[in-house]
Amino acid sequence: MSTLFDGFDTAMNNRPKKPETQEEWQARMGTEIIEYLKGEIYLDLPYLDIALSALEPRGNTELMTYATDGSFLYFGPEHQIEVFQSNERFLMRAYLHTVLHCIYAHLWIGGTRERTLWNLACDMAVESVIDQLDKPCTKRILSFQRKNLYDWMKKEQVVSAAELYEALYA
C-alpha cells in the first residue's frame, strides 16, 4: 500500500545542496587540515593518539594561530590554509604544542602566577619537549638562543614550566 509520503525521504536527500560559502569552505578545509596533521603526528608519535583526538576543531576567523580551552582547538581557517600550503611542519609543531599544553595541564595550574611570564615558561617547556622528540614531524634546526636555553636547562636540571617560571621571575 503506497502513501502520499512514499519516496519523500529519498527526494529530500537527493535535492541539490546549497553551495558552500567561502567561510564554510575555509572552516571545512581547516578541519580537514587538522585531521591530516593528526595523522602525520600519529605516524611518529602513536602513543599520543587519544590526546591528539581530544580537542574538537573550531574555526575562528579572528585567530592567526591555534588556541585551546582544553575542549576545543580554535584555529584561523584562512591563515591555516595559507600556512599549510607553504609549511605544514610548522602547523604540526603548533598543533602538538597546543596538545602538550593540555597534557601538562598548563591551562589550569598557573594559579596566581603573573600570566605573561607563566605563558612564556609554558611555551619554553613545551618547545623543549618537542625539540627533544627528534621526530620527522617536529624536526627543525635549533636557533642559537634555543640551544643555549636547552644547555642551561640541562645544566640546572630545569624541566617544568613551574621551574622555568621561577627562573624567569627571579
Requested in this report: Report the net charge of residues surrounding Lys139, where surrounding means a beta-carbon distance below 14 angstrom and charges are Lys +1, Arg +1, Asp -1, Glu -1.
Outcome: -1
Report task. Send over the Kirkwood Rh of the stretch 91-131, from the inverse of the averaged 1/r over different Cα pairs, rounded to one decimal Å. Result -> 10.4 Å
Query raised in the report: To the nearest 0.05, what FRET efficiency results for Glu56 and Asn119 with a Förster distance of 25 Å applied to their C-beta separation?
Result: 0.65
**Report entry** Formal net charge of residues neighbouring Leu48 (Cβ-Cβ distance under 13 Å; K, R +1; D, E -1)
**Finding:** -1
Requested in this report: Multiply the residue gap between Phe72 and Arg89 by 0.36 nm, knock off their C-alpha separation, and tell me the result in nm, one decimal place.
Outcome: 4.0 nm
Requested in this report: Jot down the per residue volume, in cubic angstrom and as a whole number, of the convex hull over the alpha-carbon atoms of the stretch 31-81.
Outcome: 68 Å³
Query raised in the report: Which is the longest part of the chain that has none of the GluC sites (Glu not before Pro) sitting in a DSSP loop with at most 14 other Cβ atoms within 10 Å?
Result: 115-170
Requested in this report: Translational diffusion coefficient, Stokes-Einstein: compute it for the chain using the Kirkwood radius over C-alpha pairs as Rh, at 37 °C and 0.692 mPa s, and state it as an integer in µm² s⁻¹.
Outcome: 178 µm²/s
Report summary line: Between the Cα axis of helix 144-156 and the main Cα principal axis of the chain, the angle (0 to 90°, nearest 10) is 60 degrees
Query raised in the report: How far is helix 88-103 tilted, in degrees, relative to the longest principal axis of the Cα atoms in the chain, given as a value from 0 to 90 rounded to the nearest 10?
Result: 80 degrees
Query raised in the report: For the chain, what does -39500 (n - 2.57) per DSSP helix run (n ≥ 4), summed and divided by total residues, give at 222 nm, in deg cm²/dmol to the nearest 500?
Result: -18500 deg cm²/dmol
Query - Most mobile listed residue (Asn60, Asn148, Asn119) in the chain, GNM with C-alpha springs under 10 Å - result: Asn148
Query raised in the report: Percent relative contact order of the chain, based on C-alpha pairs within less than 8 angstrom and at least six residues apart?
Result: 18 percent
Query raised in the report: Once both labels are modelled 7 Å past Cα along the beta-carbon direction, what's the Glu35-Tyr150 spacing in nm?
Result: 3.4 nm
Query raised in the report: Debye sum, Cα scatterers, the stretch 88-170, no solvent: what log₁₀ I/I(0) at q = 0.10, 0.12, 0.15, 0.20 1/Å?
Result: -0.24, -0.35, -0.54, -0.94
Report task. Find me the longest stretch of the chain that has none of the exposed chymotrypsin sites (Phe, Trp or Tyr not before Pro), where exposed means in a DSSP loop (not H, G, I, E or B) with at most 12 other Cβ atoms within 10 Å. Result -> 6-107
Query raised in the report: For a label point 7 angstrom out from the Cα of Val129 toward its Cβ, which stretches of the stretch 142-160 have the backbone nitrogen within less than 18 Å?
Result: 150, 153-154, 157-160
Query - 0 to 90° range, to nearest 10: angle between helix 77-86 axis and the chain longest Cα axis - result: 70 degrees
Query - Proximal lysines relative to Lys139, as straight alpha-carbon distance under 29 Å, when same-chain residues fewer than 8 apart are discounted - result: Lys38, Lys147, Lys154, Lys155
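Read-outs: derived from the displayed coordinates by stated rules, not from any lab. Predicted model only: the values in this text are computed from it and were never measured. Note that we place each Cβ from the backbone using ideal geometry, even for glycine, and neighbour counts take in every protein chain shown.
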